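Before any comments, here is the structure.
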Amino acid sequence: MENKATLTYSFSESGDENLFLTLSTRLCDTLSNQTVEWRQTYGRASHQFQLKVKILPLATALLERTDLVTRPYFHIFWTDCNDLDQYRSTIRTEISSWVNTLKNYKDTEWMIVVVAGDILSRLTKAKLPIPRMSIPDKVKSDFCSKNPERLHILHDPTKETTKSTESWTALGLKVANQTVRCMEVVVSKYEERVRAERERRNEKSWDFCSYLILQEELAFMYEMLGMFSPALVQYDELDAMFTQYVLNANAGDIAHWLSRFSEPIKHWHSMLLWKRIDGDARRSILEGQASIIDIRNYLFTRLCHLLFETGKLTEITQRMHIFLHSLSTEIAILEITVPSGAIDCWVFMCCLELVGALCRKSQLQNETDNTATDNPCFDMSNEQLVLENASLWNIARLKLYSLGELCGLMPGIVTTSAHLQIVVDLLAGMGEGEERGDVATSPALVLREALSSKNNFQKQYFELSELAMGTFKHMGHFRAVRCIGNDMAEFYLKLGEPAQAENYLIDTVRMYEADGWPLLLAKANKMLARCYKKMINIRKYLRLCYSLMCDEMISQEERIFYCDEFKSLSTDLGDDTLALNIHPLASVTSIQFIPAETSLRLNSNHHIVVTINSNAPKPMTFQSLQISLDHLGPDDGIEPHNIPDVISLSSFFSRTSEDEADVKSLLSRNFSHNSSAYNSLQPFRRHKRYASTTSSREFMSNQPAEINDEGRIDLIHFQHSKPSKFPASISLHAQRDLQDGALAWAGITCRHANDLLRRQDSSQSQVDKHRSTMSVTMETYECCLTTRQVTLNPGMNRVKLNAKTDLEGYFTLQQLRMSLHKTSFVLPRIYPLVSYQVSYLQPKVFMDHNEDLISGIVQHINIAVNKGDYVNPDQESNSTLSFKTPPSVRLLCVTKCSVATPDEDVSEIEKPSLVTSSDETSINLPSTSLHATVLLKIACLCLTTPYVQKLDVRKRHRRTHSAPPATFSRSPKSAQTQTHC
């Protein structure tokens, strides 16, 4: 029932009682529409409010009341006497007795109303002498001589005349103002009493419960007047005072009255928001038997009621979190003994109680108030209010889950007698759920039903989870949805339904991956791996094991466990194979050519060393390590970036003697830089960069690598780090005034702010970018480098492979693969471009001599022989150079023989002898290294009739056109290679 300010009325016994009752009722309605001003002391702001009153007949019981709410504040005496004799005989005595009664109870605010009108006239004669003094004057002289405002003449209130209306309006204003002034005086005195009692708080006789009841009277008074903000202040002060005493107790200063709250808690009733005042809790506080839960429940219930009246629903939900947390903390500080699960029960019931109260308030407001749309505070579509409701459902869900574990209601737990005893004790402490009529079922009954069986527990848990998830999802708070889904997935795993848990866990993993929480991501991956293991999904389980065994966020023992799991299950894929990205297991840091050159010769012995940094928790042995090659043969087209760079070489010789001038002339003409023969003889020394207009990744993939002097090429790793929404660095800047040291300005700077503030819906998802690097496209590995039984230890490892040199052409290293049973760890692409050339240079013979041979004169011919890549299969014999000359030309002897190496070093060696047969002449060439050039100076003689013999290697002379060509072979009888002179 709503409280109103109390006014009393009395009337003369000889008057018209029905008229006085009618006037009292009309006055009550008139005062309820009056807007008055409440003036506060100590310079506090005044308040405007509508005075709501009730007028009751004067009774001794009312006068004996001393509380602020029910005590009468103003008294009215009605009289309609117009006969002076009657006044003297009876009316004055009645008024005097009435005034004395009020004075005995120290009520000084009263008023006498004289009703004047024809209807009240009791004259029996037509004409009477007019008295010298009227009834109002007599009443004024007898009772209101010092305070004339206590007398009011009401003119003919039954008629709608101007004088009657003015007198009635004046009566209403006068009663309202005097009533408010009286209440101001009473409240001011009461506040002084409260302050005096507060100052006694350090005395041993002081008690908080008594003080609470005392100060609460002020809150009741302000609430009765409709001043809800001052009423809230009173409860906030009480709450803060109690909290401060608890904090002082934590510091060692324990108040004597606080020890009473340290007794074990036997009851944990929920707060009751469907009542304006919890009578049972207030009674226990008055009797000094309240526990800390009763105190907190009562204070917060009153706060919620006042906040409901002001429409501040969101503030209620915000205070609710502090309220729930503070009680648990205070119980721990005061070391109060509480049965296990009691606080969880209390929190669960409080959350459901508040959610139900919010929904009821919103529905009632929308049904009864047509202007509900103008007050968004009561609109449940308010975003903040809906989110707070979802948060309360989530808290209730967590507490129910904790109770399920405690009472043996979780899946996989066998309920024992000890669990049943815990349930009985908890239900006894909650009390009986009150029947609320048309109000929703009480939270106590809901919790009783949930703890009654496992099926009811699961039903209630899923219902709360769905309510919270659906609300969060509707409001766009997907992270909260994922967290609840993670808990539901864990519940489904315990329930033995891993298929139901899979989607929840996948969403959780994606969220942690996108937000950059590595530790939480590792925990979610472990749970997802457990889910796949129960589903017997070997492929997905292997992927999770692979990720976890390389995850540094988990312990070393766990990493080893998942590594062993991967090894043992990698053979259970049946006919299928599993290709995984080599990251994060290992990273290929460099590739080294031994010897340090990328121009190789056919069938030569070269090695490629791959440096691998292993992140495995233990040594791992792979059946094979392969590198796929892209082979471009001599008959295939050559891309521009595969053309070997030209290395400048002026000549094979650095000497300038006259004997070598002819040889240098020979080499400069036949091995010039512009000739194709020279290019084919030069080694493939290094890779060359070319400009590109493509993207950075394509550019790097198409660029040849830079090889150092040791033959090593450092690789580039394209790894998308896990995205994080937190900036790398935030700097704080501030400047103070030089004179007084005051802060002049302050600010922050953030590097890469554009990346931090980039809209997520207008850019590619970071998760998609990260997952794109995990996709693997396998090469055919028809042409590849292979090594068997490779063991990688944690850390750096060097693996040697034999270079493929059995085919001519260009070989580009494309992809690396390590095989373990039926799984492959693949480096999808090797960046930058790493390639080498395998070539075979044919032997070349060049001759230099004068175009004219003069008969009968000994002349010299210069011969240059480059063996190229030719290797004599018969190591015991030397290679032989054979000549077929015309019958008129005879080769006499070798006058000089020297060898020029590719490094331009020329050394003279022993001259070989000529072996002449019937149709050809041969020379045994000395043993030299590959690509060395043998320089021969041979004397010859022309025996025919003297004339000029022209020899030209560029234009065939008619006389020499039919001459057989010179041949180069390992023996005079078997020519292996022939070249036209």
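The values are calculated or read from the model by the stated rules, or taken from the named source; none is laboratory data. In this text the structure is predicted, and so the values were computed from the model without any measurement. So basically every Cβ, Gly included, is an ideal-geometry build from the backbone, and we count neighbours across all protein chains shown. With ligands, DNA and RNA removed, areas are computed over all heavy atoms of the protein, side chains included. Shrake-Rupley method; radii C 1.70, N 1.55, O 1.52, S 1.80 Å.
Structure notes:
- When we screen 798, 817, 788 for residues that are in a strand (DSSP E or B), among the basic types (Lys, Arg) and open to solvent by less than 50 Å² (accessible area, probe 1.4 Å), the only hit is 817.
- Residues of segment 68-99 that turn out to be without any contact (Cβ under 8 Å) to a residue 60 or more places away in the chain and assigned to a loop (DSSP other than H, G, I, E, B), as a count: 2
- Residue 612 assigned by TED's automatic domain parsing to the domain that holds residue 793 and in contact (Cβ under 8 Å) with a residue 40 or more places away in the chain: yes
- Members of segment 247-268 that are in a helix (DSSP H, G or I) and within 21 Å of residue 302 (Cα to Cα): 261
- Among residues of segment 379-430, those that are farther than 20 Å from residue 481 by Cβ, of a type in the set (D, E, K, R) and open to solvent by less than 40 Å² (accessible area, probe 1.4 Å), counted: 0
- Residues of segment 384-435 that are among the hydroxyl-bearing types (Ser, Thr, Tyr), touching a residue at least 24 places away in the same chain (Cβ under 8 Å) and assigned to a helix (DSSP H, G or I): 391, 401, 402.
- Residues of segment 901-920 that are more than 12 Å from residue 936 (Cβ to Cβ) and not in a loop (DSSP other than H, G, I, E, B): 906, 907, 915, 916.
- Restricting attention to segment 100-117, the residues that are of a type in the set (Val, Ile, Thr) and part of a helix (DSSP H, G or I) total 1.
Yes or no, residue by residue, for (1) touching an Asp or Glu at 6+ places or on another chain (Cβ under 8 Å); (2) open to solvent by 10 Å² or more (accessible area, probe 1.4 Å):
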{"position": "178", "(1), (2)": "yes, yes"}
{"position": "182", "(1), (2)": "yes, yes"}
{"position": "188", "(1), (2)": "no, yes"}
{"position": "202", "(1), (2)": "no, yes"}
{"position": "212", "(1), (2)": "no, no"}
{"position": "222", "(1), (2)": "no, no"}
{"position": "226", "(1), (2)": "no, yes"}
{"position": "229", "(1), (2)": "no, yes"}
{"position": "233", "(1), (2)": "no, yes"}
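- Whenever a residue of segment 475-486 is under 20 Å from residue 385 (Cα atoms), its partners that are open to solvent by 40 Å² or more (accessible area, probe 1.4 Å) and of a type outside the set (A, V, I, L, M, F, W, C), lying with C-beta atoms within less than 6 angstrom and at least six residues away or across chains, give the pairs 481/473.
- Put simply, of 491, 462 the only residue that is closer than 30 Å to residue 522 by Cβ and not assigned by TED's automatic domain parsing to the domain that holds residue 389 is 491.
- Single residue of 265, 292, 285, 254 found to be among the aliphatic types (A, V, I, L, M) and either over 25 Å from residue 337 (Cβ atoms) or touching a Gly at 6+ places or on another chain (Cβ under 9 Å) (or both): 265
- Qualifying residue in segment 563-571 (condition: within 36 Å of the chain's Cα centre (by Cα), assigned to a loop (DSSP other than H, G, I, E, B) and free of Cβ contacts under 8 Å to residues at least 40 places away in the same chain): no
- From the options 565, 597, residue that is closer than 29 Å to residue 516 by Cα and open to solvent by 30 Å² or more (accessible area, probe 1.4 Å): 565
- Only one of the numbered conditions (1) modelled with pLDDT of 80 or more; (2) of a type outside the set (Val, Ile, Thr); (3) crowded, with 19+ Cβ neighbours inside 10 Å is violated by residue 853, and that is (1).
- Of the strands (runs of 3 or more DSSP E) entirely within segment 1-67, those holding at least 1 residues that are over 60 Å from the mean Cα position of the chain (by Cα) and within 20 Å of residue 176 (Cα to Cα) occupy 5-11, 53-57.
- For segment 478-506, a residue qualifies if it is under 13 Å from residue 531 (Cβ atoms) and among the charged types (D, E, K, R), and the qualifying residues are 490, 494, 497, 502.
- Filter result (free of Cβ contacts under 8 Å to residues at least 60 places away in the same chain and acidic (Asp, Glu)) within segment 58-67: 64
- Within segment 248-262, being surrounded by 13 or more Cβ atoms within 10 Å (Cβ to Cβ) and either not assigned by TED's automatic domain parsing to the domain that holds residue 217 or not polar (S, T, N, Q) (or both) holds for 249, 254, 255, 257, 258, 260, 261.
- Close pairs (9 angstrom Cβ cut-off, 6 or more residues apart or separate chains): of a type in the set (A, V, I, L, M, F, W, C) in segment 193-217, not in a helix (DSSP H, G or I) anywhere: 206/200; 206/255; 208/201; 208/255; 209/287; 209/288; 209/290
- Residue 593 vs. criteria outside the structural domain of residue 797 (by TED's automatic domain parsing), modelled with pLDDT of 90 or more and of a type in the set (Phe, Trp, Tyr): no
- Any chance residue 898 is small (Gly, Ala, Ser) and buried (at least 17 other Cβ atoms within 10 Å of the Cβ): yes
- Some residue of segment 135-143 being open to solvent by less than 60 Å² (accessible area, probe 1.4 Å), in the same structural domain as residue 185 (by TED's automatic domain parsing), in a loop (DSSP other than H, G, I, E, B) and at pLDDT below 85: no
- Those residues of segment 275-295 which are exposed (fewer than 15 other Cβ atoms within 10 Å of the Cβ), part of a loop (DSSP other than H, G, I, E, B) and not acidic (Asp, Glu), in sequence order: 275, 277, 288, 289
- Matching residues, segment 40-66, being touching a helix residue (DSSP H, G or I) at 6+ places or on another chain (Cβ under 6 Å) and surrounded by fewer than 15 Cβ atoms within 10 Å (Cβ to Cβ): 41
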